[in-house]
Amino acid sequence: MSDASKVLAQRNYYGKALAVLAETRKDVVVLDADLAGSTKTSDFKKVAPERFVEVGIAEQNMIGIAAGLAASGKVAFASTFGVFASGRCWEQIRLAAAYPKLNVKIVATHCGISVGEDGASHQALEDIAIMRALPNMVVISPADAYEAYAATLAIADYDGPVYMRMGRAEFPTIMPEDVEFKIGKATVMKEGKDVTLIGCGQMVSSCMEAAKALADEGISAEVINMSTIKPLDREAVERSVGKTGCCVTAEEHSIVGGLGSAVAECLCSTVCAPLEMVGTKDTFGESGTPAELLAKYGLTSADIVAAAKKSISRKVKA
(Lines give C-alpha, C1' and ligand atoms only; values in the text may rest on other atoms or scores of the structure.)
Protein backbone atom coordinates (compact mmCIF):
# COMPACT_ATOMS: atom_id res chain seq x y z
CA MET A 1 0.00 0.00 0.00
CA SER A 2 1.39 3.38 -0.96
CA ASP A 3 2.34 5.82 1.78
CA ALA A 4 0.37 8.37 -0.25
CA SER A 5 -2.87 6.39 0.01
CA LYS A 6 -5.95 8.19 1.27
CA VAL A 7 -8.87 6.84 3.29
CA LEU A 8 -12.00 7.49 1.23
CA ALA A 9 -15.55 6.20 0.84
CA GLN A 10 -16.43 4.60 -2.49
CA ARG A 11 -19.96 5.99 -2.47
CA ASN A 12 -18.64 9.55 -2.39
CA TYR A 13 -16.74 8.91 -5.60
CA TYR A 14 -19.75 7.20 -7.14
CA GLY A 15 -21.59 10.48 -6.54
CA LYS A 16 -18.75 12.45 -8.14
CA ALA A 17 -18.87 10.22 -11.22
CA LEU A 18 -22.65 10.60 -11.49
CA ALA A 19 -22.25 14.37 -11.40
CA VAL A 20 -19.85 14.11 -14.35
CA LEU A 21 -22.31 11.91 -16.23
CA ALA A 22 -25.05 14.43 -15.52
CA GLU A 23 -22.99 17.03 -17.37
CA THR A 24 -21.69 14.87 -20.21
CA ARG A 25 -24.39 12.25 -20.90
CA LYS A 26 -27.92 13.49 -21.55
CA ASP A 27 -29.13 9.89 -21.89
CA VAL A 28 -28.25 9.02 -18.28
CA VAL A 29 -31.03 8.96 -15.70
CA VAL A 30 -30.70 8.14 -12.00
CA LEU A 31 -33.22 6.57 -9.64
CA ASP A 32 -33.08 6.12 -5.88
CA ALA A 33 -35.27 4.58 -3.19
CA ASP A 34 -35.31 7.21 -0.44
CA LEU A 35 -31.57 6.95 0.24
CA ALA A 36 -30.10 9.57 -2.09
CA GLY A 37 -28.10 11.16 0.71
CA SER A 38 -26.52 7.86 1.72
CA THR A 39 -25.92 6.48 -1.78
CA LYS A 40 -24.74 9.91 -2.99
CA THR A 41 -27.05 9.92 -6.01
CA SER A 42 -28.00 13.33 -4.62
CA ASP A 43 -24.88 14.61 -6.41
CA PHE A 44 -26.54 13.80 -9.73
CA LYS A 45 -29.80 15.41 -8.62
CA LYS A 46 -28.02 18.70 -7.91
CA VAL A 47 -26.82 18.87 -11.53
CA ALA A 48 -29.75 17.32 -13.41
CA PRO A 49 -32.87 17.22 -11.21
CA GLU A 50 -35.08 16.70 -14.27
CA ARG A 51 -33.37 13.34 -14.86
CA PHE A 52 -33.50 12.16 -11.26
CA VAL A 53 -36.36 9.97 -10.03
CA GLU A 54 -37.02 9.53 -6.32
CA VAL A 55 -39.30 6.50 -6.04
CA GLY A 56 -39.45 6.36 -2.26
CA ILE A 57 -39.23 3.11 -0.32
CA ALA A 58 -40.30 1.05 -3.34
CA GLU A 59 -37.24 -0.76 -4.61
CA GLN A 60 -39.12 -3.21 -6.81
CA ASN A 61 -40.91 -0.35 -8.51
CA MET A 62 -37.58 1.43 -8.95
CA ILE A 63 -36.22 -1.46 -11.02
CA GLY A 64 -39.38 -1.56 -13.13
CA ILE A 65 -39.15 2.15 -13.85
CA ALA A 66 -35.42 1.87 -14.58
CA ALA A 67 -36.09 -0.95 -17.03
CA GLY A 68 -38.81 1.04 -18.74
CA LEU A 69 -36.51 4.02 -19.12
CA ALA A 70 -33.74 1.77 -20.44
CA ALA A 71 -36.14 0.24 -22.95
CA SER A 72 -36.83 3.79 -24.12
CA GLY A 73 -33.16 4.42 -24.85
CA LYS A 74 -31.92 5.74 -21.52
CA VAL A 75 -28.99 4.52 -19.44
CA ALA A 76 -30.62 4.02 -16.04
CA PHE A 77 -28.67 3.96 -12.78
CA ALA A 78 -30.68 2.61 -9.84
CA SER A 79 -29.27 2.79 -6.33
CA THR A 80 -30.10 1.70 -2.81
CA PHE A 81 -28.45 -0.39 -0.08
CA GLY A 82 -27.08 -3.77 -1.15
CA VAL A 83 -29.53 -5.89 0.83
CA PHE A 84 -32.45 -4.18 -0.88
CA ALA A 85 -30.91 -3.86 -4.34
CA SER A 86 -30.05 -7.54 -4.61
CA GLY A 87 -32.67 -9.18 -2.42
CA ARG A 88 -35.92 -7.25 -2.31
CA CYS A 89 -36.18 -6.77 -6.07
CA TRP A 90 -34.34 -9.81 -7.42
CA GLU A 91 -37.32 -11.02 -9.47
CA GLN A 92 -37.75 -7.60 -11.08
CA ILE A 93 -34.03 -7.48 -11.88
CA ARG A 94 -34.19 -10.97 -13.38
CA LEU A 95 -37.22 -10.42 -15.62
CA ALA A 96 -37.17 -6.69 -16.35
CA ALA A 97 -33.44 -6.00 -16.63
CA ALA A 98 -31.34 -9.16 -17.08
CA TYR A 99 -33.64 -11.18 -19.36
CA PRO A 100 -34.06 -8.41 -21.98
CA LYS A 101 -30.42 -7.29 -21.39
CA LEU A 102 -31.34 -3.67 -20.78
CA ASN A 103 -29.10 -0.78 -19.78
CA VAL A 104 -29.97 -0.89 -16.09
CA LYS A 105 -27.00 -0.22 -13.81
CA ILE A 106 -27.79 -1.36 -10.27
CA VAL A 107 -25.25 0.31 -8.00
CA ALA A 108 -25.56 -0.81 -4.40
CA THR A 109 -23.94 0.82 -1.39
CA HIS A 110 -23.56 -0.35 2.22
CA CYS A 111 -22.51 -3.88 1.22
CA GLY A 112 -20.55 -6.31 3.35
CA ILE A 113 -19.98 -6.84 7.05
CA SER A 114 -18.37 -3.41 7.51
CA VAL A 115 -21.81 -1.77 7.44
CA GLY A 116 -21.21 -2.30 11.15
CA GLU A 117 -23.72 -1.31 13.78
CA ASP A 118 -26.72 -1.61 11.44
CA GLY A 119 -26.44 -5.36 11.92
CA ALA A 120 -27.35 -8.49 9.99
CA SER A 121 -30.48 -7.06 8.36
CA HIS A 122 -28.37 -4.48 6.51
CA GLN A 123 -25.18 -6.44 5.83
CA ALA A 124 -25.30 -7.76 2.26
CA LEU A 125 -23.21 -10.94 2.28
CA GLU A 126 -25.05 -12.86 -0.45
CA ASP A 127 -25.45 -10.24 -3.19
CA ILE A 128 -22.51 -11.31 -5.37
CA ALA A 129 -23.81 -14.87 -5.38
CA ILE A 130 -27.37 -14.08 -6.39
CA MET A 131 -26.38 -11.47 -8.97
CA ARG A 132 -23.64 -13.67 -10.44
CA ALA A 133 -26.22 -16.38 -11.12
CA LEU A 134 -28.21 -14.14 -13.48
CA PRO A 135 -27.50 -14.52 -17.22
CA ASN A 136 -26.36 -11.28 -18.93
CA MET A 137 -25.46 -9.66 -15.58
CA VAL A 138 -22.02 -8.11 -15.05
CA VAL A 139 -20.90 -8.07 -11.39
CA ILE A 140 -18.33 -5.55 -10.14
CA SER A 141 -16.76 -4.85 -6.73
CA PRO A 142 -14.26 -1.96 -7.01
CA ALA A 143 -11.12 -2.02 -4.87
CA ASP A 144 -11.34 1.56 -3.66
CA ALA A 145 -12.92 4.98 -4.20
CA TYR A 146 -10.83 5.83 -7.25
CA GLU A 147 -11.76 2.57 -8.97
CA ALA A 148 -15.43 3.09 -8.04
CA TYR A 149 -15.30 6.42 -9.86
CA ALA A 150 -13.69 4.89 -12.96
CA ALA A 151 -16.02 1.90 -12.92
CA THR A 152 -19.09 4.14 -12.80
CA LEU A 153 -18.01 5.89 -15.98
CA ALA A 154 -17.14 2.55 -17.61
CA ILE A 155 -20.49 0.88 -16.89
CA ALA A 156 -22.30 3.88 -18.34
CA ASP A 157 -20.66 2.99 -21.65
CA TYR A 158 -21.36 -0.74 -21.35
CA ASP A 159 -24.40 -2.05 -23.21
CA GLY A 160 -26.30 -4.25 -20.79
CA PRO A 161 -27.21 -4.74 -17.12
CA VAL A 162 -24.61 -4.31 -14.37
CA TYR A 163 -24.57 -4.88 -10.62
CA MET A 164 -21.87 -2.92 -8.79
CA ARG A 165 -21.41 -3.16 -5.02
CA MET A 166 -19.67 -0.71 -2.71
CA GLY A 167 -19.06 -0.42 1.00
CA ARG A 168 -20.29 2.12 3.50
CA ALA A 169 -17.10 2.90 5.37
CA GLU A 170 -13.99 4.73 4.30
CA PHE A 171 -10.95 2.57 3.57
CA PRO A 172 -7.50 3.03 1.99
CA THR A 173 -7.05 3.84 -1.68
CA ILE A 174 -4.65 1.50 -3.47
CA MET A 175 -5.32 2.34 -7.11
CA PRO A 176 -3.95 5.44 -8.88
CA GLU A 177 -6.37 8.37 -8.92
CA ASP A 178 -6.48 8.23 -12.74
CA VAL A 179 -7.01 4.46 -12.88
CA GLU A 180 -8.51 3.13 -16.11
CA PHE A 181 -11.25 0.57 -15.53
CA LYS A 182 -11.92 -2.22 -17.99
CA ILE A 183 -14.81 -4.58 -17.38
CA GLY A 184 -13.61 -8.16 -17.13
CA LYS A 185 -9.93 -7.31 -16.63
CA ALA A 186 -8.04 -8.01 -13.41
CA THR A 187 -5.11 -5.92 -12.19
CA VAL A 188 -1.89 -7.47 -10.90
CA MET A 189 -1.09 -5.27 -7.92
CA LYS A 190 2.11 -7.08 -6.97
CA GLU A 191 4.00 -9.94 -8.59
CA GLY A 192 5.08 -12.99 -6.61
CA LYS A 193 6.00 -16.65 -6.97
CA ASP A 194 4.85 -18.59 -3.90
CA VAL A 195 1.11 -17.92 -3.56
CA THR A 196 -1.60 -15.95 -5.37
CA LEU A 197 -3.85 -13.64 -3.35
CA ILE A 198 -7.02 -12.64 -5.24
CA GLY A 199 -9.25 -10.01 -3.67
CA CYS A 200 -12.17 -7.73 -4.46
CA GLY A 201 -13.51 -4.63 -2.77
CA GLN A 202 -11.70 -3.43 0.34
CA MET A 203 -10.15 -6.87 0.77
CA VAL A 204 -7.65 -6.01 -1.98
CA SER A 205 -5.96 -3.57 0.39
CA SER A 206 -5.97 -6.31 3.03
CA CYS A 207 -4.30 -8.62 0.51
CA MET A 208 -1.60 -5.99 -0.02
CA GLU A 209 -1.04 -5.80 3.75
CA ALA A 210 -0.90 -9.60 3.92
CA ALA A 211 1.62 -9.74 1.08
CA LYS A 212 3.88 -7.35 2.99
CA ALA A 213 3.63 -9.48 6.13
CA LEU A 214 4.36 -12.64 4.15
CA ALA A 215 7.37 -10.98 2.52
CA ASP A 216 8.77 -10.34 6.00
CA GLU A 217 8.73 -14.12 6.44
CA GLY A 218 10.36 -14.79 3.08
CA ILE A 219 7.14 -15.71 1.26
CA SER A 220 6.54 -14.06 -2.13
CA ALA A 221 2.83 -13.38 -2.72
CA GLU A 222 1.27 -12.23 -5.96
CA VAL A 223 -1.74 -9.93 -5.44
CA ILE A 224 -4.57 -9.61 -7.95
CA ASN A 225 -7.42 -7.11 -7.82
CA MET A 226 -10.39 -9.02 -9.27
CA SER A 227 -12.78 -6.07 -9.34
CA THR A 228 -14.92 -7.70 -12.04
CA ILE A 229 -16.24 -10.94 -10.60
CA LYS A 230 -18.39 -11.66 -13.63
CA PRO A 231 -17.11 -12.04 -16.28
CA LEU A 232 -14.13 -13.39 -14.35
CA ASP A 233 -10.69 -12.76 -15.82
CA ARG A 234 -9.93 -16.47 -16.14
CA GLU A 235 -6.71 -15.82 -18.02
CA ALA A 236 -5.32 -13.80 -15.11
CA VAL A 237 -6.24 -16.54 -12.63
CA GLU A 238 -4.76 -19.31 -14.75
CA ARG A 239 -1.56 -17.39 -15.45
CA SER A 240 -0.93 -16.48 -11.82
CA VAL A 241 -1.91 -19.74 -10.14
CA GLY A 242 -0.13 -21.68 -12.88
CA LYS A 243 3.02 -19.88 -11.69
CA THR A 244 2.54 -19.92 -7.90
CA GLY A 245 0.79 -23.27 -7.58
CA CYS A 246 -1.71 -22.21 -4.89
CA CYS A 247 -4.26 -19.50 -4.20
CA VAL A 248 -6.23 -17.53 -1.60
CA THR A 249 -9.37 -15.51 -2.33
CA ALA A 250 -10.52 -12.68 -0.07
CA GLU A 251 -13.93 -11.02 -0.14
CA GLU A 252 -16.25 -9.11 2.20
CA HIS A 253 -18.98 -11.56 1.30
CA SER A 254 -19.97 -15.14 1.96
CA ILE A 255 -17.61 -17.80 0.63
CA VAL A 256 -20.76 -19.48 -0.73
CA GLY A 257 -21.21 -18.32 -4.33
CA GLY A 258 -18.92 -15.31 -4.24
CA LEU A 259 -15.46 -14.53 -5.58
CA GLY A 260 -14.00 -17.68 -4.06
CA SER A 261 -16.58 -19.83 -5.77
CA ALA A 262 -15.96 -18.10 -9.10
CA VAL A 263 -12.21 -18.70 -8.82
CA ALA A 264 -12.80 -22.32 -7.75
CA GLU A 265 -14.96 -22.90 -10.82
CA CYS A 266 -12.12 -21.57 -12.93
CA LEU A 267 -9.37 -23.59 -11.25
CA CYS A 268 -11.21 -26.91 -11.27
CA SER A 269 -11.46 -26.77 -15.05
CA THR A 270 -7.95 -25.45 -15.72
CA VAL A 271 -5.17 -25.26 -13.12
CA CYS A 272 -5.75 -27.82 -10.38
CA ALA A 273 -4.27 -26.13 -7.29
CA PRO A 274 -4.99 -25.66 -3.56
CA LEU A 275 -7.43 -22.84 -2.82
CA GLU A 276 -8.31 -21.25 0.52
CA MET A 277 -11.21 -18.79 0.82
CA VAL A 278 -11.31 -15.82 3.19
CA GLY A 279 -14.84 -14.52 3.65
CA THR A 280 -17.84 -15.03 5.92
CA LYS A 281 -18.53 -18.69 6.54
CA ASP A 282 -22.19 -19.29 5.64
CA THR A 283 -23.46 -17.04 8.41
CA PHE A 284 -25.31 -13.81 9.02
CA GLY A 285 -23.49 -10.91 10.66
CA GLU A 286 -24.31 -8.91 13.77
CA SER A 287 -23.96 -5.40 15.15
CA GLY A 288 -20.52 -4.03 15.95
CA THR A 289 -17.89 -1.67 14.67
CA PRO A 290 -16.46 -2.49 11.23
CA ALA A 291 -13.07 -3.37 12.75
CA GLU A 292 -14.64 -5.66 15.36
CA LEU A 293 -16.73 -7.47 12.78
CA LEU A 294 -13.94 -7.90 10.25
CA ALA A 295 -11.83 -9.45 12.98
CA LYS A 296 -14.57 -11.68 14.40
CA TYR A 297 -15.57 -13.06 11.02
CA GLY A 298 -12.02 -13.65 9.83
CA LEU A 299 -11.64 -10.91 7.23
CA THR A 300 -8.34 -9.30 8.24
CA SER A 301 -4.89 -9.28 6.67
CA ALA A 302 -3.78 -11.70 9.40
CA ASP A 303 -6.50 -14.14 8.29
CA ILE A 304 -5.23 -13.85 4.71
CA VAL A 305 -1.68 -14.57 5.90
CA ALA A 306 -2.88 -17.69 7.72
CA ALA A 307 -4.85 -18.84 4.67
CA ALA A 308 -1.82 -18.28 2.43
CA LYS A 309 0.38 -20.44 4.66
CA LYS A 310 -2.26 -23.17 4.69
CA SER A 311 -2.60 -23.05 0.90
CA ILE A 312 1.18 -23.26 0.52
CA SER A 313 1.35 -26.22 2.92
CA ARG A 314 -1.24 -28.05 0.86
CA LYS A 315 0.81 -27.37 -2.26
CA VAL A 316 3.92 -28.83 -0.62
CA LYS A 317 2.04 -31.96 0.49
CA ALA A 318 0.74 -32.48 -3.05
Residue selected from the stretch 158-193 under the condition part of a loop (DSSP other than H, G, I, E, B) and of a type in the set (S, T, Y), by the criterion farthest from A70 (Cα to Cα): T173
Among the numbered conditions (1) modelled with pLDDT of 95 or more; (2) of a type outside the set (F, W, Y); (3) more than 22 Å from A17 (Cα to Cα), tell me where E117 comes up short. (1)
Got a sec? Which of V204, V107, V139 is in a strand (DSSP E or B), within 22 Å of R234 (Cα to Cα) and in contact (Cβ under 8 Å) with a residue 24 or more places away in the chain? V139
Exactly one of I130, I140 is within 23 Å of S261 (Cα to Cα), under 18 Å from the mean Cα position of the chain (by Cα), surrounded by fewer than 19 Cβ atoms within 10 Å (Cβ to Cβ) and aliphatic (A, V, I, L, M), and that one is I130
From the list A221, A211, pick out the single residue that is in contact (Cβ under 8 Å) with a residue 60 or more places away in the chain, farther than 26 Å from V115 by Cβ and either of a type in the set (A, V, I, L, M) or open to solvent by less than 10 Å² (accessible area, probe 1.4 Å) (or both). A221
Taking the stretch 19-40 and keeping residues within 20 Å of D157 (Cβ to Cβ) and touching a strand residue (DSSP E or B) at 6+ places or on another chain (Cβ under 6 Å) leaves L21, D27, V28, V29, V30, L31
Criterion first (free of Cβ contacts under 8 Å to residues at least 60 places away in the same chain and either open to solvent by less than 10 Å² (accessible area, probe 1.4 Å) or farther than 15 Å from S227 by Cβ (or both)) does D194 satisfy it? no
Those residues of the stretch 284-318 that are touching a helix residue (DSSP H, G or I) at 6+ places or on another chain (Cβ under 7 Å) and among the charged types (D, E, K, R) come to a total of 1
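The values are calculated or read from the model by the stated rules, or taken from the named source; none is laboratory data. Everything numeric here is computed off the predicted structure, so don't read it as measured data. Because the Cβ atoms are built from the backbone with ideal geometry, glycine has one as well, and the counts that use them run over all protein chains shown. Side chains included, ligands, DNA and RNA excluded: accessible areas come from the protein's heavy atoms. Shrake-Rupley method; radii C 1.70, N 1.55, O 1.52, S 1.80 Å.
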